[in-house]
Amino acid sequence: MQNNNKREKDRKVLVVALLGVTALALTAAVSFGVTTFSAQAGGTGSYQTGTLLLSKTNSSGTCLSSSNSAGSITTNINAACAGSDLGSGTTNVPQVNQTSTVTLTNQGSINSASGLTLTTGACSAVAAPYGSSALNPLSSGSDTAGFCGKVDVTIFSTTTGKCVYPVAAGACPAPSSSNTLVTLASASPLALATSLAAGASVGLTITTQLDASATNADQGLAANATMTYTLGQ
């Protein structure tokens, strides 16, 4: 009887030992050999800004708002574009008009939602004397204070078919003393376009004329006014 009990006890001990070894083996398998299913997809995130660039073309050529021929944008303001948007004539006389054309283009990749405007600064007149010899001495008129008010001006949009200055639903009226470089500055800024898509342009025809009220005191003078075109996002 005692031998039977001993054998039964030894058998239970062996079973417990085997169970322990099996548990250790399973633990090792889970820890070092078995993983869950997985999958991955990757790439590089990229964030890029667009550009809002304005080009102006007149009789002297084309300039960019970036003011850098290499294409680098700094202030994106170019106040030194060549040529006169008021015409290139230097021998104007009363009641004979001259016209100039200006084309403004959104050269950037961003559509302009707030549009294009023109701001004309206060006009100033200076002597622009002609002549260089004893028989033809340097000379000019004295009406520098009133000359800007005698330069009549109109601005027509060839894009919309409407007069921008003075504002009219169609063609501009004939130049007159009602619309001069003085009143143009007072009316600024002028809306040239309420929006301008990337690649789109606005064309302007600017007509100037020396008013019929001009006298000899207006000879040999030059009127200067800054004309700033602004394209907004």
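The values are calculated or read from the model by the stated rules, or taken from the named source; none is laboratory data. Keep in mind that what you see is a predicted model, and the values were worked out from it rather than measured. Positions of Cβ are backbone-derived with ideal geometry, glycine not excepted, and every protein chain shown enters the neighbour counts. For the accessible areas, the whole protein counts, side chains as well, though only heavy atoms, and no ligand, DNA or RNA atoms are used. Shrake-Rupley method; radii C 1.70, N 1.55, O 1.52, S 1.80 Å.
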**Item:** Hz values of 3J(HN,Hα) by residue in the range 206-213 - Karplus curve (6.51, -1.76, 1.60), Gly and Pro given as x
**Value:** 9, 10, 10, 7, 6, 5, 5, 7
**Asked** So for 110, 155, what's the accessible-area order with a 1.4 Å probe, most first?
**Response** 110, 155
**Request:** Based solely on C-alpha atoms, express the radius of gyration and the Dmax of the range 54-232 in angstrom.
**Result:** 17.6, 59
**Fill in**
When every protein chain stays in place and a 1.4 Å probe is rolled, 116, 53 sorted by accessible area with the largest first are 53, 116
**Label zone at residue 142 (point 7 Å along Cα-to-Cβ), backbone N below 13 Å, the range 197-233** = 216-219
